[in-house]
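The values are calculated or read from the model by the stated rules, or taken from the named source; none is laboratory data. Since we're looking at a predicted model, the values are computed, not measured. Note that we place each Cβ from the backbone using ideal geometry, even for glycine, and neighbour counts take in every protein chain shown.
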Amino acid sequence: MYATVTHPIPRTEGCEVCKARAERESKMQEKRMNEADNWYQYFLRSSIEIKHHANLRCKQRAISMIKLKGSLEDGLPISLHRKPNGDIHMVIFTSYKEGTVYRPLHICVAITAGRKCIVKTIYDPRSQPYKWNASYTKRICWCKEDNS
Ligand SMILES: [Zn+2]
């Protein structure tokens, strides 16, 4: 599956069904970028807990925890959502080097209402290319069940 994908799957930009939602989401996220940057700085200064699920994904995808930490330092928040319980969920866009090429990587992090900083999961967005724009920095489709 993931291991056999060597280059992004060519696709047209966007999903007709989700077009309006993608535009709304994009505008909303742009307004939240300063807030996301601030929370991300907070996250990087805190001690970070890595969920077993994230750990497992790292191993499955041959991304070491050392690389994950390096990737976190270089990351860029691409979305921020506040959950009803006060938790903040962010997706951090970054990349890692595989051989001579850089691969995109998304790191899903949470800052709980009690200010615990957690890495929830990480994935290569190329595994579900329909969801993302060409640079994997904006979500453009929600049609299928999220199983990442
Ligand atoms: Zn869609």
ask   = Is there any pair linking a residue in the range 120-142 that is of a type in the set (S, T, N, Q) to one that is within 16 Å of the ligand (Cβ to nearest atom) and part of a strand (DSSP E or B), with Cβ under 9 Å and at least six apart or on different chains, and which?
value = Asn133/Arg139
inquiry  = On the basis of being surrounded by 15 or more Cβ atoms within 10 Å (Cβ to Cβ) and at pLDDT 85 or above, does Cys58 make the cut?
reply    = no
task = Tally the residues that are small (Gly, Ala, Ser), modelled with pLDDT of 90 or more and farther than 19 Å from Ile122 by Cα, restricting the search to the range 10-39.
result = 3
key: Residue tally, condition part of a strand (DSSP E or B) and at pLDDT 85 or above, over the range 71-101   = 16
query = Do we find that Tyr42 is hydroxyl-bearing (Ser, Thr, Tyr), surrounded by fewer than 15 Cβ atoms within 10 Å (Cβ to Cβ) and modelled with pLDDT of 85 or more in this structure?
reply = yes
task = Kindly indicate the residue of the range 107-116 that is free of Cβ contacts under 8 Å to residues at least 60 places away in the same chain and surrounded by fewer than 17 Cβ atoms within 10 Å (Cβ to Cβ) and also nearest to the chain's Cα centre (by Cα) among those meeting that condition.
result = Thr112
ask   = For Ala113, all conditions in the list (1) modelled with pLDDT under 90; (2) over 30 Å from Cys18 (Cα atoms) hold save one; what is the number of the exception?
value = (1)
query = Quick check: anything in the range 117-138 surrounded by 15 or more Cβ atoms within 10 Å (Cβ to Cβ), within 16 Å of the ligand (Cβ to nearest atom) and among the charged types (D, E, K, R)?
reply = yes
